[in-house]
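Shown next, in structure tokens, is the structure this report addresses.
The values are calculated or read from the model by the stated rules, or taken from the named source; none is laboratory data. Given the structure is predicted, the values throughout are model-derived calculations rather than measurements. Cβ placement follows ideal geometry from the backbone for every residue including glycine, while neighbour counts extend to all protein chains displayed. SASA here: full protein model, heavy atoms, side chains in, ligands and nucleic acids out. Shrake-Rupley method; radii C 1.70, N 1.55, O 1.52, S 1.80 Å.
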Amino acid sequence: MTDNDSKAAASKMWGGRFAGGPAAIMRRINASIDFDRRLYAQDIRGSQAHCRMLAAQKMIGADDAAAILDGLERVLAEIEAGTFPFRAELEDIHMNVEARLAELIGEPAGRLHTARSRNDQVATDFRLWVRDAIDGMEAGLKDLVLALLDRAEEHAATVMPGFTHLQAAQPVTFGHHLMAYVEMIGRDRGRLVDARRRLNESPLGSAALAGTSFPIDREATARALGFDRPMRNSLDGVSDRDFALEFLSASAICAVHLSRLAEELVIWTSAQFRFVSLSDAFTTGSSIMPQKRNPDAAELIRAKTGRVIGDLSSLLIVMKGLPLAYSKDMQDDKEPVFEAADTMELAISAMAGMIRDLTVNEAVMAAAAGAGFTTATDIADWCVRALGMPFRRAHHVAGSLVKLAEDKGVGLEDLSLEDMQAVEPGITEEARAVLTVASSVASRTSQGGTAPVRVRAAIAEARARLAEEGR
């Protein structure tokens, strides 16, 4: 197509108001077809619902409606077959579909846009796309939760050090640690469900901004597209992008959770920790150091979190200064959402794969669980229970025992009863029993605690919740 042909096509698209076409640079900055073509299925679905409503309301004839619906199916088939002639001069997916429809069926195509604007059309398409993206992401997160539950169940009693400040704090179980991420991902799924519920209102029928004088049936199109109801205000209908921001916000929080777990995998697979290992499927080597096995999948998840956070910031900045109703700035709402959805799909799948792939080095974990005087709190708790000692005094006693063990170069459990009684005469042989890692972990039976019996109960409850969702 020549430049003159492009200008003629654009002038025809805009109708009688414009005598000439846009400059070449204007066409480049104005076109969105390179990215919004991803909305094709939602755009055609919305047009089909709109066409059926127009026919039901006697606003277009049955023959025209049949021709339009048949033509839209042909357009859809062309796009899915990869033969559709996308044209940049037609700007976006909406005008590309409409122009091709006109080429296929002629004059009836011009009736489809009755009582509709590209403003409510794109708002509808975008909501449908984000709704589909939420459904896909939520399914991926459910699979990740199942992977975590399987490994948590396998290691409900596998002891490891729990950390604060990345310093050994108290013994926990690996299953308990993984269940923390089950809870985090559960909240991520909840945020997506909430966002989906709020977005599930139809802007179709808002037209450009003020509604329409045609006798449309917005309830019918909302139902046809799976929305709960039409949006209540036409200005809000075309200008709202809260649904996209909520999706990005939920994605960014979820990405942070994935990044935290990825960071732990990076630490745990290091030679200094050796808590877990990953197979060749999720690691790479070094071009110069033959001994290396790098946890690149985890590192890339950690890095991609920044991109998702950036996508959220990008759209917040686009929207922050826009008056009602629609402004062309909002054309830039889609790329950050598309990128975040793609990134999250990849990161979630990779994380689920790594969780299923990892091998746990139980012996190394167990040895580390007792290092660093991690049972010091247990002797303090024993002093409170057995001796009726105020906790602050018991804390001081435990700290003195740690200092003594440090000076002797032994663990707390290696101190003799005489050594311990030199610090606190009331300590008996019974106290020594609480200093083992196994007894420490088993004693944490409070709700949400790390005792294996509690971990298994938490896993069962989580599985029951997932089963209930499927009913």
Discussion item. Tell me the carbon and sulfur percent of the accessible area for segment 24-112, rounded to whole percent, probe radius 1.4 Å.
Written reply: 51
Worksheet item: Within a Cβ distance under 15 Å of residue 374, other residues only, what is the Lys/Arg minus Asp/Glu net charge?
Response: -4
Worksheet item: Using the Karplus equation 6.51 cos²θ - 1.76 cosθ + 1.60 (θ = phi - 60°), what ³J(HN,Hα) coupling, rounded to whole Hz, does each residue of segment 128-133 give in order, writing x for Gly and Pro?
Response: 4, 5, 5, 4, 5, 5
Discussion item. I'd like the Karplus ³J(HN,Hα) series for segment 144-157: coefficients 6.51, -1.76, 1.60, θ = phi - 60°, whole numbers in Hz, and an x wherever there's a Gly or Pro.
Written reply: 5, 4, 4, 4, 5, 5, 4, 6, 5, 5, 4, 10, 4, 10
Worksheet entry | For segment 355-370, 3J(HN,Hα) per residue [Karplus equation, 6.51 cos²θ - 1.76 cosθ + 1.60, θ = phi - 60°, Hz, x = Gly/Pro] | 4, 6, 7, 5, 10, 9, 8, 4, 5, 5, 4, 4, 5, 6, 4, x
Worksheet item: In segment 185-235, what percent of the accessible surface is made up of carbon and sulfur (1.4 Å probe, ligands and nucleic acids excluded)?
Response: 50
Practice prompt. Take every DSSP beta bridge whose two residues both sit in the chain, then give the antiparallel share in percent to the nearest 5.
Written response: 80
Worksheet entry | Nonlocal amide H pairs with residue 172, under 5 Å, H built at 1.01 Å | 160, 162
Worksheet entry | Cα-Cα pairs of segment 368-469 separated by more than 25 Å (percent) | 29
Discussion item. Give me the 1.4 Å probe accessible area per residue for the chain, excluding ligands and nucleic acids, in Å².
Written reply: 47
Response to the item:
Dipole check, the chain, charges on Cβ (K,R +1; D,E -1), about Cα centroid: among 265, 79, 331 the Cα furthest to the positive pole belongs to 331
Worksheet entry | Heavy-atom accessible surface of segment 301-391: percent carbon and sulfur, 1.4 Å | 57
